[in-house]
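Below you'll find the structure, written out as structure tokens, and then a few comments.
Taken together, the values in this text are just the output of simple stated rules run on the coordinates, not laboratory data. No experiment lies behind these values; they were computed from the predicted model shown. Reconstructed Cβ throughout: ideal geometry from the backbone, glycine too, with neighbour counts over all protein chains shown.
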Amino acid sequence: MGWVKQNATGSLLGLMLVVGGLDLTLWMVDAGYATVAAQTETQTQAPVQTPEQAKAQASEPSLPDGPGKDIVLRACVKCHALKITTSKRATEDGWAASVNTMVNRGAVLSDDEVDEVIEYLSKNFKPAGSDQKQPPDSAKPN
């Protein structure tokens, strides 16, 4: 009878060691997972830019504030750099032709948004010197 009691105690002790070992192993795996998860989250939150990407972003022009700016940012930069838009100068008719061409090529704009974008671009990116008043026809020399 003593042997059975001693054997049961030894088995219980062995079982406790196995459970304790499993508990320690699971704790270590959990701690390792938490570390990897924290590193992954940090990498996701702060993407590393190459020097070329940082330079391109820094040289990206900004748009003047006004109605239509958010639409231009949403619709135009999907396909090309903002610099393409900001370097162009055109009359209202010229901008209308450009915007309509972009819509025909797939730019997603409602009719109201098309009008707002044309107005915004023609106001902020008009031809150089177009703010100057033209002399009346009667002021022309004969």
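I need a count of the residues in the range 61-80 that are touching a residue at least 24 places away in the same chain (Cβ under 8 Å), in a loop (DSSP other than H, G, I, E, B) and of a type in the set (G, A, S).
Result for the range 61-80: 2.
The residue of the range 83-110 that is surrounded by the fewest Cβ atoms within 10 Å (Cβ to Cβ), among those that are polar (S, T, N, Q) and more than 23 Å from the chain's Cα centre (by Cα), is N104.
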